[in-house]
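The structure appears right after this line, and notes come after that.
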Amino acid sequence: MKYYLETNALRALGKAINKKSEILKYSYTSMFSLFEIYRGIDRKSPASEESQKRSAILSNLSESDLQFLQYMPNEMIQLGFTGEVVLCDSMVMQYALKLQRMESELDEELLDALIKSYEDCKIAFNEIIRRTYNVRPPEKEIVQITNLDDYIIPFNEGKQISQSRMAHPSHHVMDILKDDASIDLFRAHNKTSSKSNGDIVESYKGTHDIFFFVLFGYNLMKSAKGGMAKRNDLYDLFHTLYLYDREQIMVTNDTLLQELLPSINVMTVEDFRKLM
């Protein structure tokens with residue numbers, strides 16, 4: 001599977017997702033995209049225009065050839081280290097979507113708890129960004145480099161890197177980031193684990209490299225520009241977890257993702273339509 005259609009793309013494509021197109025055999029979406037669409041349906045007013053639009057998207061998807069990864073973001077993170085996971089969040093969503101198709105009543109307590117867990121995660125993330133980056137930068141800052149050698153890659157070393165691997169420049173950054181980033185991510189989601197840092201790095205499956213790259217870029221952008229996180233920034237970042245191979249491409253019109261993803265890993269919805 002090569003082309004990942006996140007929520008923004010699914011909404012933009014609409015009924016076109018039902019076309020019998022060869023490209024859809026190489027395309028996929030995720031349970032998280034379905035979650036985002038589903039949670040916007042007003043269960044008290046299912047006949048509202050927005051609810052009807054979202055229900056229609058889910059109906060189109062159920063009849064299309066588009067494949068999807070059944071895991072939610074927290075499960076994707078665990079899979080990146082263990083290769084297996086106890087399904088929980090995704091099972092709740094499968095249950096909700098099945099009942100939605102059958103137009104049956106849902107045990108709302110389970111779904112509400114799932115929605116709240118991700119909303120709480122988003123609120124916590126936004127607060128971290130607010131405390132860390134929403135500060136007024138100093139009017140003038142002088143940076144002194146005391147040892148220039150620390151900032152220069154020896155010529156021979158740089159030459160070896162460029163010759164050893166003909167890859168997109170972003171891949172070299174991913175190689176630099178992944179060890180520390182995998183340790184941070186694992187510890188954030190396994191707070192009581194006694195695993196050593198070395199064991200964590202050894203267990204990492206290499207599936208979150210693009211996520212680490214995008215998260216690094218996001219923090220760099222906030223460090224340079226300051227400002228608050230937008231309401232759904234974390235959800236946008238979560239979608240990059242589904243680019244589990246460095247060659248996969250996200251189809252999106254989301255400006256944040258277009259800005260942060262390497263150029264080889266992002267495509268507009270309009271360009272994707274041309275392939276259909």
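General observations
- Burial ordering of 173, 92, fewest other beta-carbon atoms within 10 Å first: 173, 92
- GluC sites (Glu not before Pro) restricted to DSSP loop in the range 216-276 with at most 15 other C-beta within 10 Å: 247
- Neighbour-limited loop hits for trypsin sites (Lys or Arg not before Pro), the range 40-124 (at most 11 other Cβ within 10 Å; DSSP other than H, G, I, E, B): 44
- Residues residue 15 and residue 50, FRET efficiency given R0 of 22 Å [Cβ-Cβ distance, rounded to 0.05]: 0.80
- Distance from the Cα centroid of the range 45-59 to that of the range 233-267 is 26 Å (rounded to whole angstrom).
Read-outs: derived from the displayed coordinates by stated rules, not from any lab. Keep in mind that this is a model prediction, so the values were computed, not measured. Neighbour counts run over all protein chains shown; Cβ positions are idealised from the backbone, glycine included.
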